[in-house]
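The values are calculated or read from the model by the stated rules, or taken from the named source; none is laboratory data. Since this is a predicted model, take the numbers as computed values, not measurements. For neighbour counting, all protein chains shown are included, and Cβ atoms are generated from backbone atoms with ideal geometry for every residue, glycine included.
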Amino acid sequence: MSSSIRVVKICEMCSKEFIAKKTTSKTCSDNCVKRIYKLNKRNEKVAEVELQTAIKKAPKNFVTEEEIRIINAKELLTLNEAALLLNISPLTLRIWTLCGKMPATKIGKKWVYKRKNIEAITIRFF
Ligand SMILES: [Zn+2]
């Protein structure tokens, strides 16, 4: 008696009935294996593109309440966080920093802003 099993299954790709040699088989043929693989790859790409579109569509200054809560609890802020608090673009803040308008410390490659400096500049400007 052969140890190999024979199970009638439905191919996930072409929906045809087939005799599976393994219970884990999902497709009837190598061809369907390839097709299902391609389909999955394509779906992954579509999902990625949809995600990127959603990100682009969202307002640029879109921040969640959780992010605001975290930013408000910090004493030291990154360029992006500081720009967010000042309601200016990160590029503008970079320019302000480089021309000395905005006090900041460079740690490695990153600019770090003290909350009190941001609050001070806000009072001076507005
Ligand atoms: Zn098939």
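Figure legend. Inter-residue proximity from region 24-36: first residues within 14 Å of Lys9 (Cα to Cα), second residues of a type in the set (A, V, I, L, M) and within 9 Å of the ligand (Cβ to nearest atom), beta-carbon distance below 6 Å, spacing 6+ or different chains. Indicated pairs: Thr27/Met13; Thr27/Val33; Thr27/Ile36; Cys32/Met13. Within region 11-31, the set of residues being of a type in the set (Lys, Arg) and either within 10 Å of the ligand (Cβ to nearest atom) or within 34 Å of the chain's Cα centre (by Cα) (or both) comprises Lys16, Lys26. Counting only helices (runs of 4 or more DSSP H) that sit completely within region 43-126, those holding 2 or more residues that are surrounded by 14 or more Cβ atoms within 10 Å (Cβ to Cβ) and either at pLDDT below 85 or touching a Leu at 6+ places or on another chain (Cβ under 9 Å) (or both) correspond to 79-86, 90-98, 115-125. Considering region 32-53, the residues that are basic (Lys, Arg) and within 15 Å of the ligand (Cβ to nearest atom) include one that is nearest to the chain's Cα centre (by Cα), namely Lys38.
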